[in-house]
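J.: Here's a structure for you.
The values are calculated or read from the model by the stated rules, or taken from the named source; none is laboratory data. Just so you know, these numbers come straight off a predicted model, no measurement behind them. Cβ placement follows ideal geometry from the backbone for every residue including glycine, while neighbour counts extend to all protein chains displayed. Surface areas here come from the heavy atoms of the whole protein model, side chains and all, with no ligands, DNA or RNA. Shrake-Rupley method; radii C 1.70, N 1.55, O 1.52, S 1.80 Å.
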Amino acid sequence: SDNWTPNQFGGVFNGNGKTINNFVIEKAGQAGFFKKLQDATVENLTFGEGCSVTALAAEASDIYAGSLAGEVRGGTTLKNIVNKGTVKLAAAGGTNGNYIGGLCGYFTSDGVSSITGCKNEGDVTVSSTPSVSIYCGGLAGILNANTAKFDNAVLTVTGSENSADIVYNGDNTAKKNIHLGGLVAAAVNAKVSLSSCTNLGSVQCAATTEAGPVNIGGIIATDNGSTLATVANCVNGSATDLNAGLLVNSAPGTSQLNMGGCVAYLSKATTVNELKNYGTIKNTGAVTGWNVLGGAVGYIKTEKSTVSTCENHGQVLTEAAKGRVSAGGIVGFIDGSDATVTACD
């Protein structure tokens, strides 16, 4: 792939069930088979186990990396795409954030967009020293419905799965925010929803130095300070495999840690229902500030979020916290009285 230059694509790409094998690429900035998808439809395509995408630092530029595309925009449809190759962020840079996912790094919808029936089976790893926030997820780093500019913007993720490991194992000397999610790291704006999705892989913050704020979620890490519509009928882990869906923080020091079996942190009003967690949620690192762990959802701020008909079957464990600890079978902590939790087990 030395001669391959990722470019923008805006048409229809039907892979007809074919597999792209041994696609290996290292690029600065936007790394992937495509640099950017714009108003595109890509479906029925597999990236084989021999594929590898590595994103390198780009001066004064944010980094976007994914097997299919670094960046996705417009009204784009991704359907029945499987990634079995590895995706790595080896050197960070940028001014806003670094975005990495099994399929794509950053997905901004300006119209009607969707991810349906997609799977990630290749490890997604960040091993850099970040100068800005890290967003790392099994399918995508961040999902955004650009409702501020486009009234019809909507982005749905349905029937999709991650079965690979999502890992941050870099040096976070600058103590930047680390967001790690089994499916996505962050989703923002009220027209983004996730439903009928599953994470079977482990999600791990294994920072080699003391880290800043860390969010770890089996399905999604955070709403990133904006509104997320719904997270419904999703599962982290497996009833028959106790090693699936493991969520772990082992950083030697973390200023703030939020961990949730399905969702780590919600700052705005969100509807969360019919979530199941079977994975173990475990902190072994020294959290100097606040350690919040919840079987379904970690931390909920003062907004009218609703959590209903959720189940947790996994252990919620913290072993080495220096600061405050809040742990719950369903929700770790509710900051205020507006949120409701009903009909949960």
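J.: Using beta carbons and a limit of 6 Å, which pairs, at least six apart or on different chains, have the first residue in segment 241-262 and among the β-branched types (V, I, T) and the second one open to solvent by less than 10 Å² (accessible area, probe 1.4 Å)?
T.: Close Cβ pairs (under 6 Å, with a partner that is open to solvent by less than 10 Å² (accessible area, probe 1.4 Å)) amount to T254/A211; T254/V214; T254/G285; T254/V287.
J.: Which of the strands (runs of 3 or more DSSP E) contained wholly in segment 10-58 include at least 2 residues that are farther than 23 Å from G117 by Cβ, hydrophobic (A, V, I, L, M, F, W, C) and open to solvent by 50 Å² or more (accessible area, probe 1.4 Å)?
T.: Ranges flagged: 24-28.
J.: If a residue must be open to solvent by less than 40 Å² (accessible area, probe 1.4 Å) and part of a strand (DSSP E or B), how many such residues does segment 207-253 contain?
T.: Count: 15.
J.: Another question about this same structure. If you go through segment 154-167 one residue at a time, do you hit one that is at pLDDT below 95, outside any strand (DSSP E or B) and either out of contact with any Lys or Arg (no Cβ under 8 Å at 6 or more places or on another chain) or not acidic (D, E) (or both)?
T.: no
J.: Another question about this same structure. If you take the residues of segment 51-110 that are of a type in the set (V, I, T) and in contact with a Gly (Cβ under 7 Å, 6 or more places away or on another chain), which of them is nearest to W4 (Cα to Cα)?
T.: That would be V53.
J.: In the set G70, G93, which member is assigned to a strand (DSSP E or B), among the small types (G, A, S) and open to solvent by less than 20 Å² (accessible area, probe 1.4 Å)?
T.: G70
J.: Tally up the residues in segment 174-186 that are part of a loop (DSSP other than H, G, I, E, B), over 13 Å from D123 (Cα atoms) and either in contact with a strand residue (DSSP E or B) (Cβ under 9 Å, 6 or more places away or on another chain) or without any contact (Cβ under 8 Å) to a residue 12 or more places away in the chain (or both), please.
T.: Number satisfying all stated conditions: 3.
J.: Let me ask something else about it. For segment 288-299, indicate whether the set of residues that are open to solvent by 10 Å² or more (accessible area, probe 1.4 Å), in a loop (DSSP other than H, G, I, E, B) and touching a Gly at 6+ places or on another chain (Cβ under 8 Å) is non-empty.
T.: Scanning segment 288-299 turns up no residue that is open to solvent by 10 Å² or more (accessible area, probe 1.4 Å), in a loop (DSSP other than H, G, I, E, B) and touching a Gly at 6+ places or on another chain (Cβ under 8 Å).
J.: For residues that are within 14 Å of V87 (Cβ to Cβ), open to solvent by less than 30 Å² (accessible area, probe 1.4 Å) and part of a strand (DSSP E or B), tally how many sit in segment 109-124.
T.: So the count comes out to 2.
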